[in-house]
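Please find one structure pasted underneath; my questions will follow.
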Amino acid sequence: MRFTGSLLALGIALVSAVPLQDSPRQRLLDGKPLPSKYRTRSVSVTDPYTPSYRDPYDTAVDSVGEGLDPLPFRNGQGATVLGPWNKDRSRQNPDLVRPPSTDHGNLPSLRWSFADSHIRIEEGGWTRQTTVRELPTSVELAGVNMRLEKGVIRELHWHKEAEWGYVLEGNVRVTALDYEGGNFIDDLEKGDLWYFPSGIPHSLQGLGDNGTEFLLIFDDGSFSEESTFLVTDWLAHTPKSVIAKNFHLAPEIFAHLPEKEKYIFQGSQPGSIDQERPEGSNVKKSKYQFTHKMLAQDPKITSGGQVRITDSKNFPVSKTVAAAHVIIEPGALREMHWHPNADEWSFFISGRARVTVFAAEGNARTFNYLPGDVGIVPRNMGHFVENIGDEPLVMLEIFRADEFHDISLFQWLGETPQRQVADTLFSDDEEARQKFLDAIENPKKDEVTKGTEAQ
C-alpha cells in the first residue's frame, strides 16, 4: 500500500511539473482562441476591446459603467495581455490601456487619486494630501482632503501658504484673526468656501451630527501638512518662564500644557456663534469676509451643464486662488479651451471623465478621472473634459490666480476672419467648409456644451 501511494504521489508531482498544453496561457502563447468557459466577460461585435472592433472617431468608452475589462486593441492593432494585469486599475483608466489614435508623444502623469495618498489618522479625524511629492506636475497648488467628526477640532494653527477650503460634506465652524487684530467666526455648509491669506491664524471644528469633510488648497505645490505652525507645538518648545511672562501668569499655571502637538482632536461641543464670540473693550470683529457661499451663486446655465466662478471679483479676499464649480451632464463636454494665467488643478467630486491634454509639438495624452481624483493641466495647454458616464460630472477647476480666465476654441474661431479659418482647416473640402463656418457664425461661448451627438 505504501509503494502504491508513493507511485501515486510521484505521478501527481510529475503531472504538476509539466505545462498543461491546453491551458488558457498556453493557448494564447500558441495563438489559439480561448474557449468560452475561460472568458471573463461576454464578447460581442460591439465590444470595443476586441481585434475586430473599429472606431475611426475614438469615441469614449465608459468601462466602469459598462463593466468592461479594457484590453490594448485599437482598430485591428494590439494584442492580448499575458503577464500580470490589474483589472481594476485598467477599468479605471481605459484611455491609458487603449489610447485614442490622436494621442502622441510624451507627457508626464497629469493624474493622481487621493485613494493612493497616505492617510494620517487622528482622534476623530484623518487627513491626506496631494502635493508635488505625490504628483510631480502639481507645482503651483497642493491639495489636502480632511475629515473631522462632530466636535473634532483642527487645532489653532497657521501656514506660510494661503489656504482655500471647499466644504465637500457636512458643517464646519471656522475662526480666524486678521492682520489688524479683528476676529472672524462663521459656520459653513456643503458648497461653501473659506480663504485665509498667508500667516492668518485659524481653526476648524466639525459641527452637526456627522461633522465635516473638506478639500483644502494651498498656493504652493510643495506644501506639506506636516509643516503647519501649531500653537501646541510652539508652546511645547518654548520655556515655561517665557510663556508665563508673555501671558502675565505664574509659570506653574502652564505645568500641564500638551507635551506635543494635538493637530486633530476631540473637542467640546460648541455653542452658537453669538454665545462664543469674544467680548471686551479691546475686542473687535474683522472687517474682512473670509468665507463665501459658492453654491449659492446663480450659475451660468449652458447647453450641457452649469458653471459657477469664484475669484477675487466676487470673493475679494481670495487673492491667490480662483476656482470654477462645473457640472457636466452625461454626454456633454467642457468645451475645448485653455487657461492663459495658471495651471489648472482639477478635483473630481462625482461622475466619470476623460480629458485629453494637448501640449504642442504633436504631443497629446488622454487621462480618465473618477471621484476623488486630481488632474493637472499646465497653463496654455489645450484640453477638454468629457462626461463619459451616466450621471452628472461634478468638478472643481482651481487656479493659483486672482481671477479665473479661459479661452474658448469655439469662440476664438468664430470671431476670427472666416476666410482665414476656412483656409486653415478646410481648403480642400468646400462642403465641410461651409457647414463649419455656419456652425461658428456669431459664436456664443458655451463652457459646457451638449454637442450634436449628445442631443
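At 7 Å along Cα-to-Cβ for each site, give me the label-to-label distance between residue 298 and residue 252 in nm.
Roughly 6.6 nm, to one decimal.
First check a/c for segment 295-362, with a ≥ b ≥ c the square roots of the eigenvalues of its C-alpha gyration tensor; if it is under 1.5, answer rounded, and if not, answer prolate when a/b is larger than b/c or oblate otherwise.
It is oblate, given that a/c is not under 1.5 and a/b is not larger than b/c.
How much accessible surface area, in Å² rounded to 10, belongs to the heavy atoms of residue 121 with a 1.4 Å probe?
130 Å²
For segment 423-455 and segment 316-376, what is the centre-to-centre distance using only Cα atoms, to the nearest Å?
So the two Cα centres are separated by 23 Å.
Can I ask one more? Could you tell me which residue out of 314, 82, 126 lies farthest along the dipole of the chain toward its positive end? Charges go on the beta carbon: Lys and Arg +1, Asp and Glu -1, centred on the Cα centre.
Among 314, 82, 126, the one farthest towards the positive end of the dipole of the chain is 82.
May I pose another question? Could you derive backbone 3J(HN,Hα) for segment 440-447 from the dihedral phi with the Karplus parameters 6.51, -1.76 and 1.60 (θ = phi - 60°), listing whole Hz in sequence and x where the residue is Gly or Pro?
9, 5, 6, x, 10, 4, 10, 4
So how strong a dipole does the chain carry about its Cα centre when Lys and Arg Cβ are +1 and Asp and Glu Cβ are -1, to the nearest 20 debye?
1400 debye
If you don't mind, another one. What accessible area, in Å² to the nearest ten, does a 1.4 Å probe give for residue 178?
10 Å²
Put +1 on the Cβ of each Lys and Arg and -1 on the Cβ of each Asp and Glu in segment 135-238; which of 152, 172, 230 then has its Cα farthest toward the positive end of the dipole?
Result: 152, furthest along the dipole toward the positive end.
Using only the Cα atoms of segment 204-347, construct the convex hull and provide its projected area averaged over every direction, in square nanometres to one decimal.
Hull-based average projected area comes out at 14.0 nm².
Roll a 1.4 angstrom probe over the protein heavy atoms and tell me the percent of accessible area of segment 278-318 that is carbon or sulfur.
It is 51 percent, rounded to a whole number.
Starting at the first residue of segment 351-357, write each ³J(HN,Hα) from the Karplus equation 6.51 cos²θ - 1.76 cosθ + 1.60 with θ = phi - 60°, in whole Hz, x for Gly and Pro.
With coefficients 6.51, -1.76 and 1.60, one gets x, 9, 9, 10, 9, 9, 10 Hz.
For residue 431, what accessible area in Å² do you get when you roll a 1.4 Å probe over the heavy atoms of the protein chains, rounding to the nearest 10?
120 Å²
Using each residue's phi in segment 204-212, evaluate 6.51 cos²θ - 1.76 cosθ + 1.60 at θ = phi - 60° and report the 3J(HN,Hα) Karplus result to the nearest Hz, with x for Gly and Pro.
After applying 6.51 cos²θ - 1.76 cosθ + 1.60, I find 9, 9, x, 10, x, 6, 10, x, 8 Hz.
With charges only on Cβ, +1 for K and R and -1 for D and E, what is the dipole size of segment 206-307 about its Cα centre, in debye, rounded to 20?
Taking the Cα centre of segment 206-307 as origin, the dipole is about 460 debye.
When the helix-only estimate is applied to the chain (DSSP H runs of n ≥ 4, each -39,500 (n - 2.57), divided by the residue count), what is the mean residue ellipticity at 222 nm, nearest 500 deg cm²/dmol?
After summing the helix terms and dividing by the residues of the chain, the value is -4500 deg cm²/dmol.
Could I ask something else about it? Using every alpha carbon pair in segment 302-455, what percent of pairs falls into each 10 Å bin from 0 up to the bin containing the largest distance?
11, 36, 36, 15, 2, 0
Another one. Tell me the carbon and sulfur percent of the accessible area for segment 62-167, rounded to whole percent, probe radius 1.4 Å.
Carbon and sulfur atoms account for 53 percent of the accessible area of segment 62-167.
Considering only protein heavy atoms, what per residue accessible area in square angstrom results for the chain with a 1.4 angstrom probe?
About 53 Å² of surface per residue is accessible.
How big is D, in µm² s⁻¹, for segment 369-410 by Stokes-Einstein at 10 °C and 1.306 mPa s if Rh is the Kirkwood radius over C-alpha pairs?
Roughly 126 µm²/s, to the nearest whole number.
Choose one of 336, 392, 61: the residue whose Cα lies farthest towards the positive end of the charge dipole of the chain (beta-carbon charges +1 Lys, Arg; -1 Asp, Glu; about the Cα centre).
Checked the options; the winner is 61.
The values are calculated or read from the model by the stated rules, or taken from the named source; none is laboratory data. Keep in mind that this is a model prediction, so the values were computed, not measured. Note that each Cβ is placed from the backbone with ideal geometry, even for glycine, and that neighbours are counted across all protein chains shown. Accessible surface is based on the protein model in full, side chains and every heavy atom, while ligands, DNA and RNA are left aside. Shrake-Rupley method; radii C 1.70, N 1.55, O 1.52, S 1.80 Å.
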